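Each remark here refers to the structure printed beneath this line.
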Amino acid sequence: MNVLFIARHFTYFRNFESVIATLAERGHHVHLAADREEALGGRGLVDRLAARFPSQVTIGFTPILHWGRYRRLSHVLRVGLDYLRYSDPRYEATPKIRERAYERTAFLVLLLARLPFRRVLVRVLEHIEAAVPRQLGVDDFIRNARPDALLITPLIELGSPQLDYVRAARAMGIPSALCVWSWDHLSSKALIRVVPDRIIVWNEIQRAEAQRFHGVSADKVIVTGAQCFDQWFDRTPSSDREEFCNRVGLPPDRPFVLYVCSALFKNSPSEAAFVGRWLQALRQSGDARLREVAVLVRPHPQRVDEWQAAERGALEGSGQAVLWGSNPIDADSRADYFDSMHHAVAVVGLNTSALVEAAIVDRPVLTVLLPEFRDNQEGTFHFHHLLTVGEGFLHTAPSLDEHIAQLASCIGGKPARSNRPFVEQFIRPRGVSVAATPVFADAVQQLGALAVTPQPTPGSVWLLRPLVYALVLAGRIPGLERIYWNPIKRREWAGNVEAIWHKDEQRRAKRGDKMGRVAKKLPLQTLVWLKTTAKHALGAVGLIRHS
């Protein structure tokens, strides 16, 4: 079987590495294609897979790597439809998600959204978006790959260009599937407007989300378990506790708490600053165990920059806390990551998949619910899974004082909330002993055997093409093209205009200062000139003698 697996960038394949390897071991050919470059280590990951399976795994890029003439219009329409989706009352409790979509929505759509009959507007925009021609080269790319099955991830980014792949596969009669990348993708990302033949999810909770948020029928959703977490089951640490502590710089004679950082919403408060407050609360605790406990902080790969010298120095100044760890995308970094969880006495974080992984390793997992991080915690749908699935495994506290008390209990060895019910329902719904990777590979093989009838282009597409061409042309006319701007672009433009105006003001001020200095010197310079001129004139007529 020939499988074409497309991702936005190579790091997305991290969560499917075990599936790709299993398909290759079964003799299938898998071509891994990315839409864009990245710097998170994903290229090294796919290179290792290709080196391990030289005849089964190949890598490359898609035509979407390059910008097409219709890309801007399709992006504007897709983001606009996503924004209209988040205007639904179901998202009243998630204002940050709605705000993120608003910031990226073109003024054309924002203006139309003020009109009544929003459902009619959505239908009209959906038809126009469907009439936009696919990116040049997409059809040829898929046709030349000759896949028996097309896999796509993540598909549900705001304004995702990956919809073109699903439509091309439909037109060619190639079975396609969305491989859901993470636990939050069906509830906090964009709408699946073009539904593939199958959607592969982790559990029944995500199956219900596919129905609730995207209107996908249950028979199209396949529950396999979370294949990306198979690697943490039945695993043993690569080093003992003393060796690990010595390597990372922690005192080996005392327990340590692992703090795992999160990928927070843009413009969220600094987590590095919060960690400093949290650590200070530990050191000021009335419990001697907390005052002396060691702390290992793992920065999130996407937010390493917030750990500047001051934050890092404040953390490591006590000698009992260190900032350590990298993106776990190769064997060594994964071993380090697992060891950090295995040897920790407890794991603390705000809202990250590392909390789920800590539950698999069966460590007490805690968080603190503070107002400044509400949008990142209770303000998201997926965070509530940690509190409700299997009666929840996450220990929550509404204040730092209560959180510190909970942490003291965990360090003291008091029975913690059980992680197993959550793991059974959310990670391995087919049974804790049943790995998800083989089940996922079986689902891909079944997809390849699925008979799909090619779907012709609807007549409405051809009727709306003149309108599409007119909108594309409008985006190239100076002044009129601002209908494609969004609030972010508008602020950038305003900032540039203000910066130019400020620079002009500075130039004018400098010129004014210079002219002021010249004006002050002018009387004296005039007097000197008159004196010199008179002296020369008198000397010329012989009234004075030059010395």
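The values are calculated or read from the model by the stated rules, or taken from the named source; none is laboratory data. What you are looking at is a predicted structure, and each value in this text was computed from that prediction instead of being measured. Don't worry about glycine lacking a Cβ; one is built from the backbone with ideal geometry, like all the others, and counts go over all protein chains shown.
Give me the pairs, please: first residue somewhere in the stretch 327-349 and more than 18 Å from T236 (Cβ to Cβ), second residue anywhere and part of a helix (DSSP H, G or I) and modelled with pLDDT of 95 or more, beta-carbon distance under 6 Å, and either six or more positions apart or on two chains. Taking only residues 6 or more apart or on different chains, the pairs are V347/A358; G349/L355.
With the condition kept exactly as written, say whether any residue in the stretch 438-453 is over 30 Å from A130 (Cβ atoms) and among the aliphatic types (A, V, I, L, M). Yes: the stretch 438-453 contains one or more residues that are over 30 Å from A130 (Cβ atoms) and among the aliphatic types (A, V, I, L, M). Here V166 does not qualify as part of a loop (DSSP other than H, G, I, E, B), assigned by TED's automatic domain parsing to the domain that holds R14 and of a type in the set (A, V, I, L, M). Selection over the stretch 135-150 of residues that are closer than 17 Å to V194 by Cβ and without any contact (Cβ under 8 Å) to a residue 40 or more places away in the chain gives a count of 1.
Looking for something among the acidic types (D, E), surrounded by fewer than 19 Cβ atoms within 10 Å (Cβ to Cβ) and in contact with an Asp or Glu (Cβ under 9 Å, 6 or more places away or on another chain) - is there at least one such residue anywhere in the stretch 226-234? Step through it out loud before you land on a result.
First pass over the stretch 226-234, keeping only residues among the acidic types (D, E): 230, 234.
Cutting the leftovers down to surrounded by fewer than 19 Cβ atoms within 10 Å (Cβ to Cβ) gives us 234.
Still in the list and also in contact with an Asp or Glu (Cβ under 9 Å, 6 or more places away or on another chain): none.
No.
If you filter the stretch 143-192 down to residues that are of a type in the set (S, T, Y) and over 26 Å from D88 (Cα atoms), you find that the one that is nearest to the chain's Cα centre (by Cα) is Y165.
Residue by residue, here is whether (1) more than 23 Å from E492 (Cβ to Cβ); (2) free of Cβ contacts under 8 Å to residues at least 60 places away in the same chain holds:
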residue: R48; (1), (2): yes, no
residue: R52; (1), (2): yes, yes
residue: I59; (1), (2): yes, yes
residue: Y70; (1), (2): yes, no
residue: Y86; (1), (2): no, yes
residue: T105; (1), (2): no, no
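A single entry from E372, E391 fulfils the requirement of being at positive phi and assigned by TED's automatic domain parsing to the domain that holds G286: E391.
Would you be able to tell me the number of residues in the stretch 421-448 that are assigned to a loop (DSSP other than H, G, I, E, B), charged (D, E, K, R) and closer than 16 Å to W232 by Cα? Matching residues across the stretch 421-448 total 1. Scan the stretch 362-393 for residues that are surrounded by fewer than 23 Cβ atoms within 10 Å (Cβ to Cβ), part of a loop (DSSP other than H, G, I, E, B), hydrophobic (A, V, I, L, M, F, W, C) and over 18 Å from the mean Cα position of the chain (by Cα) and the total you get is 2.
For K414, the conditions (1) within 18 Å of V257 (Cβ to Cβ); (2) part of a loop (DSSP other than H, G, I, E, B); (3) within 25 Å of the chain's Cα centre (by Cα) are fulfilled apart from (3). The strands (runs of 3 or more DSSP E) found entirely in the stretch 186-285 that carry 3 or more residues being in contact (Cβ under 8 Å) with a residue 40 or more places away in the chain and out of contact with any Pro (no Cβ under 8 Å at 6 or more places or on another chain) are 256-260. Scanning the stretch 266-294 for residues that are closer than 30 Å to K189 by Cα and either among the charged types (D, E, K, R) or buried (at least 16 other Cβ atoms within 10 Å of the Cβ) (or both) turns up K266, S268, E271, A272, F274, V275. Condition check for L464 on (1) over 31 Å from the mean Cα position of the chain (by Cα); (2) assigned by TED's automatic domain parsing to the domain that holds H382; (3) touching a residue at least 60 places away in the same chain (Cβ under 8 Å): one failure, at (2). Looking only at residues in the stretch 438-452 that are small (G, A, S) and out of contact with any helix residue (DSSP H, G or I) (no Cβ under 8 Å at 6 or more places or on another chain), which one is nearest to M172 (Cα to Cα)? Among those that are small (G, A, S) and out of contact with any helix residue (DSSP H, G or I) (no Cβ under 8 Å at 6 or more places or on another chain), it is A451. In the set S182, S176, only one residue is under 21 Å from E17 (Cα atoms), hydroxyl-bearing (S, T, Y), surrounded by fewer than 22 Cβ atoms within 10 Å (Cβ to Cβ) and not assigned by TED's automatic domain parsing to the domain that holds V356; that residue is S182. Among the conditions (1) closer than 30 Å to R207 by Cβ; (2) outside any loop (DSSP other than H, G, I, E, B); (3) among the acidic types (D, E), the only one that D401 does not satisfy is (1).
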